[in-house]
């Protein structure tokens, strides 16, 4: 299934590169004329999520996206997308921006134009709590069976280490793999691990051990879009005005925010 | 909690049922037209239709959904269809092709003598089709149709690749909140719906039992 | 004047000539039997008369009027043929009853459709007539049975009633008893005999030599797409003039 998707993506990209050619006018003007900024995201606490019983998207990214929309003078519409298709969604103008705790990998940077990084993150190894002490170093990981989100930063780290893994379609499913015993371990975002595993969460028997890297979150736009500059300017101003840190504190991510 | 989850899954299931019903509404008649095309005596039309049916039946439905939604934007920079509409279009085309093959099998399995008996009694072609062939075709295609309809119910789960929020999507969204059971709970909805379909087709088969 | 005149009918399937220069005529109220081995072209001839096959050459006249001429395309449009084929009725070897209709509905369906087009007859009258026909076939109590509930002999009798309902000028039978178990052929032959007595004009393709001899006013023996011998049934069957007819009859009586 994943292979088919990947193939479809490649095919579409190849065809579209051939078909493109004519460059569009200003992306910023396009969004302003339309009057709506369509934000592609997934359910990913604490960046984008809904409170129990509420239909409104909140979270650090969601709140900042709304502020950005206000700055541009347009409405903001959130669309929950299939993460695998984010590049296609952008390019076909189904959405205008990918803003969802997106790690700036080489792959992401090649598929879209990205903002300057705004948040720090890392990939961590998650294992069952009762065996955690055996897996505190990178060397001890060989021999474990892994799960990771397809095409994610975590998957990239595992590939760099030469470790095999099962690709699943969300980080949450990677956690489920470990919880159900289907895999020994998984690699997910530090931010997500902090929020979803350990005591007081749905996965009390899981914990994280080795941090494999450190990385940065950014916002993705269409290739060559002038929205990138508009975003960077907006963010600098919002940071200087203190809005960024205020919002970060609401969702407990203030320690990860990159200073401007 | 169970009630909340049930309500939210029902919302997704509404989309599933809509996709199912609308696909049938458009694909059943379209399939008949395609089946006539694939049996046409005009060879170029017949080959064209057969080639089209081969492409649609020979490639994954998921790919067709992706192509119909993203294709116009990627290839020509055109505005996209709404997500649900794009998914529906892909499903209608795909299922019309499957239905056309079922119709064709049904129509061709009616003995030639039935047409000839109608002809020598002075009936017109439409009279022969509607008064003699059709009901015999319907009787013959009920079992394969039943299979297709049940497959269709399950295939609707594919539309989530372009973010149409059907029941599996709703179920999966709970995984992110650390709840795994809602995803598996969706099975109850599928089973109930397909149970109704099974009973319906059983009843229909019985209803057609008066002739052989 | 002959009710039916067939002149120089030809029919090819690809490069094979199935009918070659077939000519004969039939008087009103007479019965004609066509005999011959399988592959001799007798069924094809019958199908040509009913326009299930289109002859490649020749002319067919009914009541002195040309209804088909291979040279004249205006006689060959679907609309024309649909009208003209009603001069003929056809009873098939395999009955070909419509399985989803009762015996009575099988008999009345085509007439009702016709009445709907022209608004000529009432449904009740057609039904009444259908019941009379079934009664005549000895099937009054089977009117509301479906074909699969009837024996082969009963089904064939319904098929005969169905053909008669259209009031054809000439009723054709294509080996009407070949698909029946031997013990069921009698009831069908009896019905056809009865029709002959009532001076129904008929063409019967059959393997039943004794029946052909007793019922027919005229017999045609066909072999290899041509008429080898035709004439009085007793003459042709008991004292054939041609060697090929003698051979066929000898082989036939051996089989029996």
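For a Förster distance of 56 Å, can you work out the FRET efficiency between the beta-carbons of residue B:78 and residue C:190, rounded to the nearest 0.05? Kindly include the intermediate steps, with their values, before the conclusion.
Working: r = 76 Å, r/R0 = 1.35.
Calculated value: 0.15.
From the Cα gyration tensor of chain C, with a ≥ b ≥ c the square roots of its eigenvalues, which class applies: rounded if a/c is under 1.5, or else prolate if a/b is larger than b/c, or else oblate?
Because a/c hits 1.5 or more and a/b fails to exceed b/c, chain C counts as oblate.
Could you tell me which of rounded, prolate or oblate describes the range B:1-40, using a ≥ b ≥ c as the square roots of the eigenvalues of the alpha-carbon gyration tensor, with rounded for a/c under 1.5 and, failing that, prolate when a/b is larger than b/c and oblate otherwise?
Prolate, because a/c is 1.5 or more and a/b exceeds b/c.
Taking all pairs of different Cα atoms in chain A, averaging 1/r and flipping that mean, what Kirkwood radius in angstroms comes out?
About 19.3 Å for chain A.
Could you grab the relative contact order for the range B:1-95? Cα pairs under 8 Å, six or more apart, rounded to a whole percent.
Reported relative contact order: 30 percent.
If you take every DSSP beta bridge fully contained in the protein assembly as shown, what fraction is antiparallel? Give it as a percent rounded to 5.
Counting only bridges with both partners in the protein assembly as shown, antiparallel ones make up about 55 percent.
Mind sorting C:237, B:180 by how few other Cβ atoms lie within 10 Å of their own Cβ, fewest first?
B:180, C:237
Roughly how tilted is helix A:227-240, in degrees to the nearest 10 and between 0 and 90, from the longest Cα axis of chain A?
Roughly 70 degrees between the two axes.
Could you list A:88, A:64 in order of exposure, starting from the residue whose Cβ has the fewest other Cβ atoms within 10 Å?
Ranked by crowding around the Cβ, least crowded first: A:64, A:88.
Label 7 Å along Cα→Cβ of residue C:20; the range C:223-250 residues with amide nitrogen under 14 Å?
Counting backbone N atoms under 14 Å from the label point, the list is C:223-229.
By its C-alpha gyration tensor, with a ≥ b ≥ c as the square roots of the eigenvalues, how is the range B:2-211 shaped: rounded for a/c under 1.5, else prolate for a/b larger than b/c, else oblate?
It is oblate, given that a/c is not under 1.5 and a/b is not larger than b/c.
So what are the radius of gyration and Dmax for the Cα set of the range A:73-135, in Å?
16.4, 54
Of A:96, C:217, how do they rank once you tally other Cβ atoms within 10 Å and put the fewest first?
With the sparsest Cβ surroundings first, the list reads C:217, A:96.
Compute the relative contact order of the range B:2-211 as a whole-number percentage, counting only Cα pairs closer than 8 Å that sit 6 or more residues apart in sequence. Before the final figure, lay out each step's value.
Working: 199 pairs, mean separation 59.1, N = 210.
With pairs under 8 Å counted, the relative contact order is 28 percent.
Between residue C:214 and residue B:212, how high is the FRET efficiency from 1/(1 + (r/R0)^6) when r is the Cβ-Cβ distance and R₀ = 56 Å? Nearest 0.05.
For R0 = 56 Å, the calculated efficiency reads 0.95.
Tell me, in nm to one decimal, what length is gained between residue C:8 and residue C:80 on full extension, where the rule is 0.36 nm per residue of separation less the Cα-Cα distance?
Result: 23.8 nm gained on full extension.
Translational diffusion coefficient, Stokes-Einstein: compute it for the protein assembly as shown using the Kirkwood radius over C-alpha pairs as Rh, at 25 °C and 0.890 mPa s, and state it as an integer in µm² s⁻¹.
Answer from the Stokes-Einstein relation: 76 µm²/s.
Using only alpha carbon pairs under 8 Å that are at least six residues apart, calculate the relative contact order of the range B:159-212 and give it in whole percent.
Answer for the range B:159-212 is 20 percent.
Here, each number is a calculation from the coordinates, and none is a lab measurement. Just so it is clear, the model here is predicted, and its values are computed rather than measured. Every residue, glycine among them, receives a Cβ derived from its backbone with ideal geometry; neighbour counts consider all protein chains shown.
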